[in-house]
Amino acid sequence: MIARCLNVSLLLLLAGMTPALAQEPARLIDPHDKNAVRPGPGVELGFYDPATGLFTQGMPSVSIPGSAVSGILNLLPIFDIDAAINKLVTIFCSAYSDFGNLITGQFAPNQFAEASINFAAGTPQMSISIPFTYTTAGSSPLMSVRFSAQVTDNNNVTHSFTVSLPLEKVPNGNVTRNVRITM
């Protein structure tokens, strides 16, 4: 009887030293069934709440296997250039694209691509190309794009502009997006 009580006490003591189930990593048994979860390390990161039986998805890992998409995102800036800007000065442009998924309604990027180009204000018909290859980490991968331009005019005043395009599905292949910029 005493040995049985000691064994039970030892088990209770050891159970108190382990993390609570609500904080244990969990993985989906079936990726399409958000209620089918099993505590333990896994492919799908998140937390399992045993009281409700719900799985809350966390940030996806880039190492989650999926299908690869690739292409070139071409941004074509359409400039409205102030007359105070000399046509020979350089416009410095950069573009940045994030790739990721929506997680509990928030965009969670897990990969990016970027590019930059400089050109004279007198030749604003240039485009900036961002080559990308992205291994999808979910069923609806999304892309966000930011474009920035900066130039200094004849009066030594710096004009800068940044625009963010709306989230869109990640394209598989080449696409072109126009960006209107007033400087």
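Taking the numbered list (1) of a type in the set (Val, Ile, Thr); (2) over 14 Å from the mean Cα position of the chain (by Cα); (3) part of a strand (DSSP E or B) in turn, Thr133 passes all entries but (2). Applying the criterion of being polar (S, T, N, Q) and not in a strand (DSSP E or B) to the residues of region 107-130, the residue that is farthest from Thr176 (Cα to Cα) is Thr123. Of Asn154, Asn178, Asn118, all but one fail to be surrounded by fewer than 16 Cβ atoms within 10 Å (Cβ to Cβ), under 20 Å from Ile72 (Cβ atoms), at pLDDT below 95 and out of contact with any Cys (no Cβ under 9 Å at 6 or more places or on another chain); the exception is Asn178.
For region 110-126, which residues satisfy the criterion of being under 30 Å from Ala137 (Cβ atoms) and of a type in the set (Val, Ile, Thr)? Correct list: Ile117 only. In this structure, Gly138 qualifies as within 25 Å of the chain's Cα centre (by Cα) and under 19 Å from Asn110 (Cβ atoms).
In this structure, Thr123 does not qualify as surrounded by fewer than 16 Cβ atoms within 10 Å (Cβ to Cβ), β-branched (Val, Ile, Thr) and under 17 Å from the mean Cα position of the chain (by Cα).
The values are calculated or read from the model by the stated rules, or taken from the named source; none is laboratory data. Nothing here was measured: the structure is a model prediction, and the numbers come from that model. A quick note on method: Cβ atoms are made from the backbone with ideal geometry, for glycine too, and the neighbour counts reach across all protein chains shown.
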